[in-house]
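Coordinate-derived values only; no laboratory data. Bear in mind that the values here come from a model prediction, so they are computed numbers and not experimental data. Cβ sites come from the backbone with ideal geometry, for glycine too, and all protein chains shown count toward neighbours.
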Amino acid sequence: MKRIISLLLLTGLLTYSVSNVQAGTVPITSTNLSPALKSIIENVKKECGLNPTQTTKFTNDYVTFLNENAKPNADTRKLLFDAGGSFRSYLNDGQFTKLMEMIKAGKLDPAKAAGSVTPSKAAAPPQKYTETALPKTIYVQSHVASLFKQLTPFMNVTQEQSTKATPILQEYDRRITGIKNNGGNFQAPLDALNAETASKLKAILNDDQMAKLVLAVQMQENILLGTNLSPSQKEFLSKLRTQYNLNDVQTMAVILVMVQGKVRGDAINQMAKTNPQGAAQELGKLMQDLDVQLKSSLSADQYAKLKSDIEKLIKGQKL
């Protein structure tokens, strides 16, 4: 039986939330935990079977999340994603799955644990598209099926998995583009579509494959919406329309290159910590793959102008 999808904290195809919590005027530390927080940590330790070292790491990560999420204009989704990645680094599959179940059930929500309502930030407004450097003809698009195809070697997707998953993702792209084109508040129908698609995919893809795909989907949405981007990424997107002279099809092709570069590049950075030589080889392979994709989509002049900026973007250098 396939395991429960491990990275439920990731947004995109899978959605749920942990309540925003107001930490108050004094930052929370491991030494000034409230009774409610102590109870939560003790329950996590017991239900997930954490050893002392894991308990200490979890406590620190949980406290960090609460403090950061209490700040004005905190991006809860990004914080959840960061916390999930950290949890995953020291928990085994069973422990992580159990922790995700506890989060989904609200067992890490201090307000529920305390049995009363605590001060909290107002819920974030429904997501809406805002004017960005990208025109509407681009930011209403969805190309998850193309992303999946490009990432299949990185995700170790088999031919059988690809054959089953691709039609599902093509239908997802078609329907999500329609939802976005309707305008107004699209979050409710989007959430429903995400849940429906995730249910179908989890019978085909394993935990690791699903996590990588969801990460790519979220990155694509961030780029299209112009949210949660670094200054260099924002500058690059602006150049797509002002300096590179790309049409809509070419612009979307470059966005897919950005997503693939980000997802695979982050994995390479993690590999470099323990296997520098292997990471260098993977980086060379990544740049070759992206180079082929850029050449197939751009004119010679566009390619010459854009190639250097893409490489700097992936390597984290200033444009």
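Taking N as the number of residues in the stretch 136-315, what value does Rg over Cα atoms divided by 2.2 N^0.38 Å take? All intermediate terms of the calculation are to be shown ahead of the outcome.
Working: Rg = 16.6 Å, N = 180, 2.2 N^0.38 = 15.8 Å.
Scaled against compact globular proteins, the figure is 1.05.
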**Cβ-defined net charge surrounding Thr152, 15 Å radius [Lys, Arg +1; Asp, Glu -1]** = +2
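Taking a quarter of the surface of the Cα convex hull of the stretch 209-254, what do you get in nm²?
Numbers: hull surface 14.3 nm².
Result: 3.6 nm².
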**Asked** Which net charge results for the neighbourhood of Asn60, defined as the other residues with beta-carbon distances under 14 angstrom from its beta-carbon, given Lys and Arg at +1 and Asp and Glu at -1?
**Response** -1
**Request:** Treating cross-link reach as a plain straight distance, find the aspartates and glutamates whose alpha-carbon is under 19 Å from the alpha-carbon of Lys315, omitting any fewer than eight places away in the same chain.
**Result:** Glu235, Asp266, Glu282, Asp289, Asp291
